[in-house]
Amino acid sequence: MVLGRDPHDMALAANSLIATGGAWLSAQNGEILAQVAMPIAGMLSDLPAAQLAQQFKNLRDLSAKVADWEPPYRVFKAIEGTCLACNAGPHLTDLGLTDGTTRQIVDPLVACWETQA
């Protein structure tokens with residue numbers, strides 16, 4: 001998931017996410033400020049705990065340069081969690097619209113009918 005307000009920074013972030021197979025990262029002014037790769041299912045790291053903790057600390061510190069709220073890291077984490085298709089509610093996934101409660105792919109067309117012109 002990519003959040004942002006600058007299309008160029010968002011494209012840079014998206015391309016970096018694709019290249020690494022998943023990550024947490026912060027980008028601003030055409031530069032990746034910090035990145036924590038998540039190569040296992042796009043959600044888990046294979047780094048040793050101490051190295052991963054240092055990368056997350058760096059990400060939290062540099063995220064404050066991008067976000068205007070405190071603490072930005074927790075807001076990012078909450079937003080990411082709500083997008084997981086395993087959580088209850090509707091979610092857009094690579095398979096289409098899914099219902100997290102029933103774990104089913106949902107037809108996005110609710111109703112369709114012709115009208116007299």
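The values are calculated or read from the model by the stated rules, or taken from the named source; none is laboratory data. Everything quoted here is computed from the prediction, not taken from an experiment. Virtual Cβ from ideal backbone geometry, glycine too; neighbours counted across all protein chains shown.
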message: Would you confirm, using the coordinates I've provided, whether L47 is assigned to a loop (DSSP other than H, G, I, E, B), at pLDDT 90 or above, in contact with a strand residue (DSSP E or B) (Cβ under 9 Å, 6 or more places away or on another chain) and surrounded by 14 or more Cβ atoms within 10 Å (Cβ to Cβ)?
response: yes
query: Is it the case that segment 71-81 has a residue that's modelled with pLDDT of 75 or more and either under 21 Å from D6 (Cα atoms) or not hydroxyl-bearing (S, T, Y) (or both)?
result: no
message: I'm checking my understanding of the structure. Among residues of segment 1-44 that are surrounded by 15 or more Cβ atoms within 10 Å (Cβ to Cβ) and assigned to a loop (DSSP other than H, G, I, E, B), which one is modelled with the lowest pLDDT?
response: G4
task: Could you tell me which residue of segment 17-32 is nearest to the chain's Cα centre (by Cα), considering only residues that are among the hydrophobic types (A, V, I, L, M, F, W, C) and more than 15 Å from K57 (Cα to Cα)?
output: L17
